[in-house]
Amino acid sequence: MSNTDLIEYKSYHGSVHFDSEHEMFYGKVEFIRDLVNFEACDARSLIKAFKDAVDEYLEDCIALNKAPDRPFKGSFNIRIAPDLHRELGMYALQHDSSINKIVKSAIKEFIEQH
């Protein structure tokens, strides 16, 4: 999925897909745990449906006294092999750093190179 397949509203991102069989656009709010879907028959209506879905989601959260999921909170879990975890921990210790700092640096370098 490319950036052109995403729409944004109130810091939420919605995916954009097309179903040729039903001649319909559809999507969901990405990067949150809650499931928020939307659909429409044309692109302009899809953008409106996405915005309406986000607004309804936020209103529902208020009504349920629930904090809405927020995308990109700044923390996430990763799973790696125990041997790699040990090597990373040892490297961090030997370089007076932390696993978190090393992973942040590695991710930033990876993104900048791609």
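Every read-out reported here was derived from the displayed coordinates using simple, explicitly stated rules and does not represent laboratory data. These numbers come from a predicted model, not from an experiment. Using ideal geometry, Cβ is built from the backbone for each residue, glycine included, and neighbour counts are taken over all protein chains shown.
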- Task: Calculate the dipole size of the chain relative to its Cα centre from +1 charges on Lys and Arg beta carbons and -1 charges on Asp and Glu beta carbons; express the result in debye to the nearest 20.
- Result: 640
- Task: Could you work out how far helix 82-94 tilts from the main Cα principal axis of the chain, as a 0 to 90 degree angle to the nearest 10?
- Result: 60
- Task: Would you kindly state the longest site-free stretch of the chain, with sites defined as trypsin sites (Lys or Arg not before Pro) in a DSSP loop (not H, G, I, E, B) surrounded by at most 13 other Cβ atoms within 10 Å?
- Result: 80-114
- Within region 50-114, DSSP-loop chymotrypsin sites (Phe, Trp or Tyr not before Pro) with at most 16 other C-beta atoms within 10 Å are Phe72, Phe76
- Query: With no solvent and one point on each alpha carbon, what is the Debye value of log10 I(q)/I(0) for region 6-97 at q = 0.24 Å⁻¹?
  - Reply: -1.17
- Query: From the residues Ser75, Leu58, Ile47, which one has its Cα farthest along the dipole of the chain in the positive direction, the dipole being from +1 and -1 charges on Cβ of Lys/Arg and Asp/Glu about the Cα centre?
  - Reply: Ser75
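Give the dimensionless ratio obtained when the Cα radius of gyration of region 1-57 is divided by 2.2 N^0.38 Å.
Numbers: Rg = 10.5 Å, N = 57, 2.2 N^0.38 = 10.2 Å.
With N residues counted in region 1-57, Rg over 2.2 N^0.38 Å equals 1.03.
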- Message: Can you divide the C-alpha Rg of region 61-114 by 2.2 N^0.38 Å and report the result to two decimal places?
- Response: 1.63
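Starting from region 1-71, pick out the GluC sites (Glu not before Pro) whose DSSP state is loop and whose Cβ has at most 16 other Cβ atoms within 10 Å.
Here the sparse-neighbourhood loop sites are Glu21, Glu23.
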- Rounded to the nearest 500, what is the 222 nm mean residue ellipticity of the chain from helices alone, with -39500 (n - 2.57) per DSSP H run of 4+ residues and division by all residues? -14500 deg cm²/dmol
